[in-house]
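A.B. asks: Quick one: this structure, given as structure tokens, is what I'll be asking you about.
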Amino acid sequence: MVCRAIAPQRDRNFFISLIKQATTPSHLNQTHAQIIHNNLVNDDSNITITKLIQKFLDLKANSQAKLLFSTINSPDLFLFNVLIKGFRNSPFDSLRVYKNLLRKTDFRPDNFTYSFIIASFSGLHTSASEKIGVLLHGHAVVSGFGADLFVGSALVDMYTNFSSISNAYKVFDGISDPDTVVWNTILSGLVKNCCYDESLRFFRDMVERTTRFDSTTLAVVLSSVAELQDMRNGMIVQALAMKVGCHFHGHVLTCLVSLYSKCGDILTARLLFGLIRNPDLVACNAMISGFSANNEAELSLGLFQELLLSGCKVSSSTLVGLIPIFYPFGHLDFTRSIHSFCLKSGFLFNSSVSTALTTVYTRLNELEQARKLFDESSEKQALASWNAMISGYAQNGQTEKAISLFHEMQKLNIRPNPVTVTSILSACAQLGALGLGKWVHDLIKKESFESNIYVSTALIDMYMKCGSINEAKSLFVMMEEKNVVTWNAMISGYGLHGHGNDALELFDEMLISGVRPTGVTYLSVLYACSHAGLVEEGERIFHSIVYNHGFEPTSEHYACMVDIFGRAGKLENALEFINKMPIKPGTAEWGALLGACMTHKNANLARLASDRLFELDPENVGYHVLLSNIYSSNQNYSHAASLRQCVRYKNLNKTPGCTLIEVKGDPHVFTSGDLSHPQSEDIYVRLEQLMGKMKDAGYVAETVTSLHDVEEEEKELFVKVHSEKLAIAFGLMMLEAGAEIRIIKNLRVCLDCHSFTKFVSRITERVIIVRDANRFHHFENGTCSCGDYW
């Protein structure tokens, strides 16, 4: 007789132990068979089967978990919550379970249900998921869980993931006693959205309202101050970490490594890295990134190679840290090597890696390579990739392509974040596209980005560079918090428009407010003094920079002082200032003097300045043209002709002048003598009509710098078709009566076009705003805001 072994009866705890130890769905299937055999499928409260479903979900066997769930006769609320939570990476599966809970059972969702279902849609960055998230928020409020800690934390996380900071604030403010998790969620959400100053403000509130912060809180705050490169506040947080006993926690030390690295103290960063016992991959990534951020590519590569040799599996963050984003120049071959490694190892399909490579290529002006990488990216929905490419175009002067890519992004319903809008506002500022800039401003209001200090600063800069001083001023006044970049944008904007006294007044306000000026601040103030003819004030500021603020001026600051003297006609003072400089004068200083010689027709000093410039920058055609114009204005035509012949002999090309005008949101670009515009014939007819009226009013063409060997009538023809005149004539044709005309010229506006525009503003009773390479000119009633001083 054959005896068959009979397996002993097993209890629930045995199978729960087996479920915990399972590593594959196959193991779970075998366990499930034994559970059925032992009649434990419908045990008390479905505990065993719930554990089984939970393990299937942990192993990402969602279809098997779903099938198993469908076999249960009476699933309880806990099991529904397990399934909803388990489907967090499949939000719409999670939503179907939630709907079944509402429609097919008598259970009411609890706070865990809402926190799990909201969390599942939090990571899906689409407009549809945001709408569903808002609806779920409404359900939670109706069910009485709007102020619950678990639900509130999930909602704050969701809204910050959608960059809807104002809604995150509303949820947070509705929680009467937020715990540490909720505080940490809002802090990390603000950091994710680049609201670093705001995150510090929240941390201060947290410290004042509660002492219940932990090492996670401190790590988040340290990452924020690291991004701000704010060593002072970073050291305060470090001291706080020491006080509460968190300083030597691995993730706090890792954040301190990042802080010191980003603040340029790589020695302290290495010391802190050495304090980490058995540094994990995250800590090594921070150190690799720190080396890269401090132009220590060899050390960065060395640590990366150590990781590979140790058998450690590197991550996408490792490669992002290795890519020389901060110091790309001179590292094109190194970047290409990393690119090849990523391609072979499969990391190129990771959006953060491809975005970092795109960023480096754009900074190296390798725009074709960057765009190829962007177009081939498998994750075109990743917002960071779009931001990198749009920013790259804007920073390299490819403003039209930046704007075109932004429109493409909008068509795909990819929502922008503060980084996107600051990049596109920069493009609008460069292009002078006020219409698009206003549209972006409306989008900012819609997305509730106005509280972001970087967005507000970019708006101020855009309005200033598009000639809308009042809008910029209103935004500046309304800002509750301003950083040094905000003050700089406003001061330099006043300088651009020739409002020197306003710039000086604002600079004094800045000092009183306690914001420490930077080199850019001083440069902006000196620039404003230069364009407003404020010589004494400029000298006072320059003296205070050196002796009161202990700042060491750069070549640009010295050039600004030369310009201040030169524009005021104090050419000998300018030369004396150059000769007494503690550093060797370069093209900036001699170029400023040559420009002043042109304004004041001083050929002797011009020869001295041009000799220095031809030695320092012999290929720059602009200096040859300036000197030639000075000779022409002094009727020294033989020398002027000789210089022009030299330019032709050396095959030097002068940058062609062009002027842009925006009409009904569309940009129109004109060049000198342009016949390519579809309405050219009408434009020239209108220009002839204008010329007739202007001559009756006393206009005489300024032909002093035109070629000497042609008749006076031909000289008038040369200057009559300059690009700004064509743009103004087109604006008069296309814009409604009385509307402002705004144009942008890529070069300094010439003497004749300046005179022309004054006459046009008088006879047409129009305000005409011209932005040239140096500054803004506001023409009204026959006068210019520059006072003929540019």
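The values are calculated or read from the model by the stated rules, or taken from the named source; none is laboratory data. On a predicted model such as this, the values are computed, not experimentally measured, just so you know. Quick reminder, even Gly has a Cβ in these numbers, built from the backbone with ideal geometry, and neighbours come from all protein chains shown. Surface accessibility is based on the protein's heavy atoms, side chains included, excluding ligands, DNA and RNA. Shrake-Rupley method; radii C 1.70, N 1.55, O 1.52, S 1.80 Å.
A.B. asks: Being over 21 Å from Ile744 (Cβ atoms), hydrophobic (A, V, I, L, M, F, W, C) and modelled with pLDDT of 95 or more narrows it down to one of Ala503, Ala532, so name that one.
C.D. replies: Going through Ala503, Ala532 in turn, just one is over 21 Å from Ile744 (Cβ atoms), hydrophobic (A, V, I, L, M, F, W, C) and modelled with pLDDT of 95 or more: Ala503.
A.B. asks: Which members of the stretch 198-213 meet the condition of being open to solvent by less than 30 Å² (accessible area, probe 1.4 Å) and at pLDDT below 90?
C.D. replies: Matches in the stretch 198-213: Thr210 only.
A.B. asks: Shifting gears a bit: Return the residues of the stretch 229-243 that are open to solvent by 40 Å² or more (accessible area, probe 1.4 Å) and either polar (S, T, N, Q) or at pLDDT below 90 (or both); say none if nothing qualifies.
C.D. replies: Gln229
A.B. asks: Are there any helices (runs of 4 or more DSSP H) wholly within the stretch 561-621 with 2 or more residues that are touching a Leu at 6+ places or on another chain (Cβ under 7 Å) and either open to solvent by 20 Å² or more (accessible area, probe 1.4 Å) or within 22 Å of Val546 (Cβ to Cβ) (or both), and if so which?
C.D. replies: It comes to 571-579, 587-600.
A.B. asks: From the list Leu511, Leu496, which residue is aliphatic (A, V, I, L, M), open to solvent by 20 Å² or more (accessible area, probe 1.4 Å) and touching a residue at least 40 places away in the same chain (Cβ under 8 Å)?
C.D. replies: Exactly one residue qualifies, and that residue is Leu496.
A.B. asks: Check off (1) touching a Gly at 6+ places or on another chain (Cβ under 8 Å); (2) open to solvent by 10 Å² or more (accessible area, probe 1.4 Å); (3) not aliphatic (A, V, I, L, M) for Glu368 and give me the number that stays unchecked.
C.D. replies: Answer for Glu368: the failing condition is (1).
A.B. asks: Kindly provide the set of residues from the stretch 139-168 that are over 10 Å from Gly189 (Cβ atoms), part of a helix (DSSP H, G or I), of a type outside the set (A, V, I, L, M) and open to solvent by 30 Å² or more (accessible area, probe 1.4 Å), ordered by number.
C.D. replies: Of everything in the stretch 139-168, those that are over 10 Å from Gly189 (Cβ atoms), part of a helix (DSSP H, G or I), of a type outside the set (A, V, I, L, M) and open to solvent by 30 Å² or more (accessible area, probe 1.4 Å) turn out to be His139, Phe150, Ser166, Asn167.
A.B. asks: Give Ser530, Ser474 a once-over and let me know the one that is more than 21 Å from the chain's Cα centre (by Cα) and open to solvent by 50 Å² or more (accessible area, probe 1.4 Å).
C.D. replies: Going through Ser530, Ser474 in turn, the sole match is Ser474.
A.B. asks: Okay, next question. Right, Leu459: of a type in the set (A, V, I, L, M), touching a residue at least 12 places away in the same chain (Cβ under 8 Å) and open to solvent by 10 Å² or more (accessible area, probe 1.4 Å) or not?
C.D. replies: Answer is no for this residue.
A.B. asks: Moving on. Being at pLDDT below 95, farther than 30 Å from Thr422 by Cβ, of a type in the set (Val, Ile, Thr) and open to solvent by 10 Å² or more (accessible area, probe 1.4 Å) is true for just one of Thr216, Thr180, Thr126. Which residue is that?
C.D. replies: Thr180
A.B. asks: Still on this structure, please answer the following. Take Glu716 and tell me if it is modelled with pLDDT under 90, open to solvent by less than 70 Å² (accessible area, probe 1.4 Å), in a helix (DSSP H, G or I) and of a type in the set (Asp, Glu).
C.D. replies: Yes, satisfied.
A.B. asks: Just checking, how many residues over the stretch 733-790 are among the acidic types (Asp, Glu), open to solvent by 40 Å² or more (accessible area, probe 1.4 Å) and farther than 22 Å from Ile491 by Cα?
C.D. replies: Total meeting the criteria: 4.
A.B. asks: How many residues does the stretch 674-692 hold that are among the small types (Gly, Ala, Ser) and under 38 Å from the mean Cα position of the chain (by Cα)?
C.D. replies: 1
A.B. asks: Residue check: is Ala65 touching a helix residue (DSSP H, G or I) at 6+ places or on another chain (Cβ under 6 Å) and under 20 Å from Val151 (Cα atoms)?
C.D. replies: no
A.B. asks: Something else now. Identify the single condition in (1) open to solvent by less than 30 Å² (accessible area, probe 1.4 Å); (2) modelled with pLDDT of 85 or more that Leu52 does not satisfy, given that it satisfies every other one.
C.D. replies: Tallying (1) open to solvent by less than 30 Å² (accessible area, probe 1.4 Å); (2) modelled with pLDDT of 85 or more, Leu52 fails exactly one: (2).
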